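Data block below; observations after.
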C-alpha cells in the first residue's frame, strides 16, 4: 500500500483525532475511509449535464435596451397621462 505524508492545520488534526477515537478502529482506518468518501463525493457523476449560460443571456428577458426610449412598458399600459 502506498504511503502518503500530509501536513494538516492543528484544528483539522484535532478533529481527525477526535473522530478516530469515537468512530474508527485506528487512525489509518479513519484516514482511508474519510479520503475514500471525499474522493467519491468529489468525483460523483450526478447524471445531469449542467449547461453553461452567460449571465447576460440568463437575464436578457428582464432588461430593455437603455439606448432606445423604453416608452410605456406593458405593465404601465393602464395609466393615463
With the crude spin-label approximation of a point 7 Å out along Cα→Cβ, what separation in nm comes out for residue 24 versus residue 37?
1.0
What order do you get for 7-18, 30-41 when each peptide is scored by the mean count of other beta carbon atoms within 10 Å, highest first?
30-41, 7-18
Could you put 1, 19 in order, starting from the residue whose Cβ has the fewest other Cβ atoms within 10 Å?
1, 19
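Values quoted throughout were computed directly from the atomic coordinates according to the rules given, and no laboratory measurement underlies them. Since we're looking at a predicted model, the values are computed, not measured. All Cβ positions, glycine included, derive from the backbone under ideal geometry; neighbour counts span all protein chains shown.
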